[in-house]
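J.: What follows is a single structure, and I will ask about it in a moment.
Just so you know, all these numbers are worked out from the coordinates, no wet-lab data involved. Note that the structure is a prediction, hence the values are computed from the model and not measured. Here the Cβ is made from the backbone with ideal geometry for all residues, glycine too, and neighbour counts use every protein chain on show.
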Amino acid sequence: MSELSQEELDEIYAFAVNLGKEAGRMLLNAAKLRFGNNKREENAHVEKDNAVDLVTQTDEDVEAYIKSQITLKYPSHKSVLPVEFIGEETYSKGASRDYLINDDPTWCVDPLDGTVNYIHLFPMFCVSIGFIVKNKAMIGVIHAPFLNQLFSACSGRGAWLNETQSLPLVRNPIPPMPAKAPSGCVFSCEWGKDRRDLPDSNLHRKVESFMNMAAEVGGRDGRGGMVHGMRCLGSATLDLAYTAMGSFDIWWEGGCWEWDVAAGIAILQEAGGLVTTANPPDDPANAPIENVRLGSRLYLAIRPAGASATESGRQSQERTVREVWRRVRNLDYSRPGA
């Protein structure tokens with residue numbers, strides 16, 4: 001299959017941005033129906049796997065709208081450029097959990113990332129639209145309508161906030177990673193949906209990792225990271241967007257599906273960020289740092305970084321990756337086909 005031209009990508013990008021705006025408006029309008037004297041309730045949410053894995057009618061309505069618009073706009077994609085559509089709610093109703101991304105151009109959509117936030121009217125919720133070609137996230141659009149924030153990127157066209165502000169926000173110059181990272185960094189993480197209270201479960205491994213990152217330097221048997229702060233937005237998509245913006249220095253997470261990260265990875269990488277695996281290798285000090293495989297469910301992201309007097313931006317990012325690996329536990333989020 002031939003590569004898409006920049007002109008074709010630009011057309012798809014413009015379409016995706018407009019689609020993200022409209023879908024975001026749908027989310028905001030649905031939320032506003034619950035304000036003040038409006039009587040609509042979203043109590044009819046349904047649990048998927050457990051009490052923190054929820055879906056609402058709004059999720060399904062927005063996904064159906066996005067899919068219908070893509071089908072109308074690009075009816076020939078199936079035959080000319082075979083395109084798959086992966087949406088969280090349609091996928092979650094199936095039994096398979098096979099690896100979803102192949103060489104085919106693929107739309108990857110989360111109609112409402114941060115469903116729990118949306119239900120509680122906490123503003124960190126968004127629509128996420130990613131477009132992937134040959135396993136690479138080429139286009140990303142994230143619209144958080146409650147915050148009036150639209151993040152977007154297209155390969156070769158830069159990454160943007162509200163279509164006018166180039167990412168990362170601090171660019172004159174882009175600061176390097178702190179010399180003693182993770183000390184001096186804002187560390188972003190999520191509790192996740194796996195809440196099994198068992199010895200050595202993902203929950204317990206995450207808590208240990210959080211403690212290591214937060215503890216004073218020299219604490220935790222030398223693993224204390226003394227990060228500036230730890231943030232949990234309740235939306236992996238927005239975690240990645242804020243890392244691309246430079247507001248978060250580090251994001252570490254396991255358990256995400258493709259729709260949770262596709263758009264965010266496109267935006268972060270186009271802004272100059274690094275995304276690799278969350279799980280530390282056997283030799284963190286010397287193992288190669290490779291770009292993550294989309295769909296691996298294990299992600300470590302580092303914000304865009306500039307050069308210092310002694311390091312390139314990439315060198316400071318890789319140094320930070322190794323320091324994070326020294327402090328975190330391996331997470332177990334396997335899947336068939338991965």
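J.: As a footprinting exposure proxy, order L203, L198, L294 by other Cβ within 10 Å, with the fewest listed first.
T.: Listing L203, L198, L294 from fewest to most nearby Cβ atoms yields L198, L203, L294.
J.: So, one more: Pairs of alpha-carbon atoms within less than 8 angstrom and 6+ residues apart define the contacts here; what relative contact order does the stretch 186-325 have, in percent?
T.: 22
J.: Once the other residues with Cβ under 12 Å from the Cβ of M177 are scored (Lys, Arg +1; Asp, Glu -1), what is the net sum?
T.: Combined, the nearby Lys, Arg, Asp and Glu give +1.
J.: Taking Cα pairs under 8 Å and at least six residues apart, what relative contact order does the chain come out at, in percent?
T.: Relative contact order here is 17 percent.
J.: Determine the sum of side-chain charges near R319: Lys and Arg each +1, Asp and Glu each -1, restricted to other residues whose C-beta is under 14 angstrom from that of R319.
T.: Overall, the nearby charge balance is +2.
J.: Quote to one decimal, in nm, the extra length available between A307 and L203 on full extension: 0.36 nm per residue of separation minus the C-alpha distance between them.
T.: Here the answer is 33.8 nm.
J.: Beyond 31 Å between alpha-carbons counts as too far, so tell me which of K134/K193; K32/K193; K134/K180; K136/K193; K180/K206; K21/K180 fall in that bin.
T.: K134/K180; K21/K180
J.: For every helix of n ≥ 4 consecutive DSSP H residues, a contribution of -39,500 (n - 2.57) applies; sum these over the chain, divide by its total residues, and give [θ] at 222 nm rounded to the nearest 500 deg cm²/dmol.
T.: -10000 deg cm²/dmol
J.: Dividing the alpha-carbon radius of gyration of the chain by 2.2 N^0.38 Å (N being the number of residues), what value is obtained?
T.: Normalised Cα radius of gyration, the chain: 0.97.
J.: Can you work out the PRE-style zone for N162? Point 7 Å along Cα to Cβ, and I want the residues of the stretch 235-253 with backbone N under 18 Å.
T.: 241-247
J.: Which is the longest stretch in the chain that no exposed loop site breaks, taking sites as GluC sites (Glu not before Pro) with a DSSP loop state and at most 11 other Cβ atoms within 10 Å?
T.: No qualifying site falls inside 42-162, the longest such stretch.
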